[in-house]
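To keep things clear, I will list the structure first and then write my remarks on it.
Just so you know, all these numbers are worked out from the coordinates, no wet-lab data involved. These numbers come from a predicted model, not from an experiment. Note that we place each Cβ from the backbone using ideal geometry, even for glycine, and neighbour counts take in every protein chain shown.
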Amino acid sequence: MSAGGGTRAILAALAANLGIALTKFVAFVLTMSSSMLAEAIHSVADSGNQALLLVGGRRARRTATPQHPFGYGRERYVYAFIVSIVLFSMGGLFALYEAYHKLKERHPIESWQWLPVLVLVVALCLEGYSFRTAIHESNPLRGKATWRQFVRRAKAPELPVVLLEDFGALLGLLFALFGVTMTLVTHDGLWDGIGTGMIGVLLVVIAGILALETKSLLLGEAATPEDVARIERAACAGEGVERIIHMRTLHLGPEELLVAAKIAVNRRETADRVAQVIDEAEARIRAAVPIARVIYLEPDIYSAVAAAEPPPPGAAPTTAGSEPSPTAG
């Protein structure tokens, strides 16, 4: 996995969650608090998720084969989608079940009463460090985008997944702290059940967000508008390319982009010259957008008929028009 994959953030989150999970399980055994059990399962689910992200990153580095000629880059998206399923089923649904059980049979915390509070405070510190690491790793990639835009537009799934998991973990710990503290103050297990239910709802919501975002990546997303603009400028920057008639881009993986375009060339050019023009345009595109590793450029003579070529169902051509321009409006 590349640096952009956030390996450091994943390892930091994995180490934190393994330690936190063990501590929470000990606290649950001593106190029988449902909030502690829900949080322990939450940490186990998060640990498993980070392990899945590491496995996905490793498997995505396999070289292309005749059966998979574009490589395995999208395997990172597959594992990120599995993460959302694990978080939903193992974390969210279990917490909701435990909340239902606790609300039916309310029991106050009778032994080691303040131990859960201590455990949760320590866990907040550890999760805060993990969240800080994820933010630090994400900032260079995020640029000027908001955090919401970064989560929605990032092509590498690992950092958004870790960010959402860590953010959810911090909120979950606060919910658990609320439930446990109110239970200790009121001696009523109702609050423990409420805190557990809040954790379950939170995890289901985060799992849903992750599933929607990774589904879009699995279906295949185009390059960002910034990269599209760079590709257009680079393709038309040299002699011989009059304009881009049509262009499609597709992420084969977080750091691998396919570019397929029909470019307009002068009808009087020789075949040798057209081949040279294509080679030069490909070189310029790769220099402008290094992740554009698979490029197919088709030469054509510009005409209104060519520009009006219908796009695939549900899509619109990236560039097309009837008036010549450097980037084809």
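What the table shows:
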{"read-out": "Reported label for calculated Rg and Dmax of the Cα atoms in Å given [x] 25.7, 90; [y] 29.1, 89; [z] 24.0, 78", "value": "[x]"}
{"read-out": "Cα-centre dipole for region 225-307 with unit charges at Cβ (Lys and Arg positive, Asp and Glu negative), debye to 20", "value": "160"}
{"read-out": "In the chain, lysine pairs with alpha-carbon atoms under 26 angstrom apart (chain gap of 8 or more, or interchain)", "value": "6"}
{"read-out": "Over the chain, relative contact order from alpha-carbon pairs under 8 Å, at least 6 apart, %", "value": "19"}
{"read-out": "Cα centroid separation, region 119-177 to region 53-113 (Å)", "value": "16"}
{"read-out": "Check: region 3-219 dipole with +1 on Lys, Arg Cβ and -1 on Asp, Glu Cβ, in debye", "value": "1140"}
{"read-out": "Per-residue HN-Hα couplings for region 22-33 [Karplus 6.51, -1.76, 1.60; θ = phi - 60°; Hz; x = Gly/Pro]", "value": "4, 5, 5, 5, 4, 5, 5, 4, 7, 10, 6, 7"}
{"read-out": "Protection proxy ranking, peptides 138-151, 281-294, average beta carbon neighbours within 10 Å, highest first", "value": "281-294, 138-151"}
{"read-out": "Cα Rg, Dmax (largest Cα-Cα span) when computed across region 163-316, Å", "value": "26.2, 89"}
{"read-out": "Selection from Y296, W147, G57 lying farthest towards where the dipole of the chain points positive, charges on Cβ", "value": "Y296"}
{"read-out": "Amide hydrogen neighbours beyond the local backbone of L257, cut-off 5 Å, H modeled", "value": "L252, A292, R293, V294"}
{"read-out": "D188 paired with N139, simple spin-label distance in nm, labels 7 Å along Cα-to-beta-carbon", "value": "4.5"}
{"read-out": "Tilt relative to the chain, helix 225-236 - C-alpha long axis, 0 to 90 degrees, to 10", "value": "20"}
